[in-house]
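The values are calculated or read from the model by the stated rules, or taken from the named source; none is laboratory data. All values derive from a computational prediction rather than experimental measurement. Note that each Cβ is placed from the backbone with ideal geometry, even for glycine, and that neighbours are counted across all protein chains shown. What goes into the accessible areas is simple: the full protein's heavy atoms, side chains included, and nothing from ligands, DNA or RNA. Shrake-Rupley method; radii C 1.70, N 1.55, O 1.52, S 1.80 Å.
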Amino acid sequence: MSESLQIYDDRLLAIVSPNTSLQKLANGAVHSEGPVYFHEDDSVVWSDAHGNRLLRWSPTDNVSVLRDPSDYQNGNYRDLEGRLVACSSGLRAIIRREQDGEWKVLVDRYQGKRLNSPNDLVVKSDGTIWFTDPPYGITEPNQGYGGEQEQPGSYVYRFDPLTGEIYPVVTDMVRPNGLAFSPDESLLYVSDTAAFNIPGGPHDIRVYEVVDDHLKKGRVFAVIEPGQPDGFRVDKYGNVFTSSEDSVQIYTSDGTLLGKILVPEISTNLTFGGKKGDSLFITAGHSLYALDLNTSGVQQ
Ligand code: MG
């Protein structure tokens with residue numbers, strides 16, 4: 001049995017081999033976040049969010065620096081054309097790397113007022129970008145450039161990069177952070193990590209029904225402990241893989257905790273990838289880790 005695994009339910013063994021082991025691919029970041037996989041060059045791009053850099057790893061090139069400074073870039077994703085889209089905590093914006101390598105601000109305001117500091121994002125199959133907007137880039141000196149909060153709350157937004165339309169889809173969370181769609185995009189999972197710096201605050205993942213590009217009132221899917229569900233992903237079977245303080249925790253779509261992949265540093269975010277799509281890349285502490293799975297993600 002792998003020392004990386006804690007098994008609470010044998011269904012875990014269908015998606016994680018008992019002999020799989022966690023590999024450290026890279027270290028040296030101040031605080032690793034936001035991994036995204038690119039099959040074109042078999043690479044993982046991730047943010048050294050507190051080190052204000054964007055990093056890249058591939059099996060052939062090892063580690064390189066893509067952006068320095070990165071304006072405190074945090075969550076990363078790829079759009080339908082394979083471009084890197086990201087949350088800029090420093091610019092308080094959603095940004096995109098164009099084909100010529102230039103970075104473009106796609107949106108930084110709602111109703112004429114600056115966003116707080118976008119933290120994490122997903123791209124839906126229709127090309128719209130759904131992102132969370134907690135104030136960490138304003139309140140935490142190592143995550144942005146400070147400034148005044150102009151929005152009345154911390155919302156989750158739906159943004160259409162083709163039309164520029166933006167509107168909130170969740171307004172009742174304290175510190176929305178990670179988010180991911182279910183495989184058929186009928187559900188959106190969103191984490192609230194308020195307990196990070198608000199004693200007694202939520203540290204849970206909520207699930208919302210997606211109806212006509214809006215969300216119906218959500219419910220708590222799972223309370224995550226120890227620590228926070230900063231970022232998470234959903235595999236092709238609908239299982240939720242979430243970061244926490246001691247591990248990556250794996251839940252079925254009905255909220256049953258199947259087990260844990262123990263990680264020696266505090267995990268922040270994760271993504272599926274690899275040539276067959278069955279690798280899990282985990283950002284944690286100063287490092288980037290990988291683990292082989294018997295499942296794969298929805299988006300490739
Ligand atoms: Mg986050």
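Whenever a residue of region 199-217 is among the acidic types (Asp, Glu), its partners that are open to solvent by 50 Å² or more (accessible area, probe 1.4 Å), lying with C-beta atoms within less than 7 angstrom and at least six residues away or across chains, give the pairs Asp204/Val220; Asp204/Val223; Glu209/Leu187; Glu209/Lys216.
Filtering region 211-257 to residues that are within 16 Å of the ligand (Cβ to nearest atom) and at positive phi leaves only Gly227.
When region 20-53 is limited to residues that are more than 16 Å from Pro264 (Cα to Cα) and within 15 Å of the ligand (Cβ to nearest atom), the one that is surrounded by the fewest Cβ atoms within 10 Å (Cβ to Cβ) turns out to be His50. In region 254-300, of all residues being among the small types (Gly, Ala, Ser) and not in a strand (DSSP E or B), the one that is surrounded by the fewest Cβ atoms within 10 Å (Cβ to Cβ) corresponds to Gly255.
Checking Arg175 against (1) within 16 Å of the ligand (Cβ to nearest atom); (2) more than 23 Å from Gln143 (Cα to Cα); (3) in contact (Cβ under 8 Å) with a residue 40 or more places away in the chain: exactly one of these is not met. Which one? It fails just one condition, (2). Residues in region 192-209 that are more than 19 Å from the chain's Cα centre (by Cα) and under 29 Å from Thr128 (Cα atoms): Glu209 only. Just for region 145-172: of the residues that are touching a Pro at 6+ places or on another chain (Cβ under 9 Å) and among the small types (Gly, Ala, Ser), which one is nearest to the ligand (Cβ to nearest atom)? Looking at the filtered set, the residue picked out is Ser154. If you go through region 223-252 and keep only what is touching a Phe, Trp or Tyr at 6+ places or on another chain (Cβ under 8 Å) and either open to solvent by less than 10 Å² (accessible area, probe 1.4 Å) or polar (S, T, N, Q) (or both), you end up with Gln228, Phe232, Val234, Asp235, Asn239, Val240, Phe241, Thr242, Ser243, Val248, Gln249, Ile250. Of the strands (runs of 3 or more DSSP E) lying entirely inside region 119-197, those containing at least 3 residues that are at pLDDT 95 or above and buried (at least 24 other Cβ atoms within 10 Å of the Cβ) span 129-132, 176-181, 187-192.
Note on region 9-19: among residues that are more than 21 Å from the chain's Cα centre (by Cα) and touching a residue at least 60 places away in the same chain (Cβ under 8 Å), the one that is nearest to the ligand (Cβ to nearest atom) is Leu12.
Please go through region 284-296 and pick out each residue that is in contact with a Gly (Cβ under 7 Å, 6 or more places away or on another chain) and modelled with pLDDT of 95 or more. Answer for region 284-296, where residues must be in contact with a Gly (Cβ under 7 Å, 6 or more places away or on another chain) and modelled with pLDDT of 95 or more: just His286.
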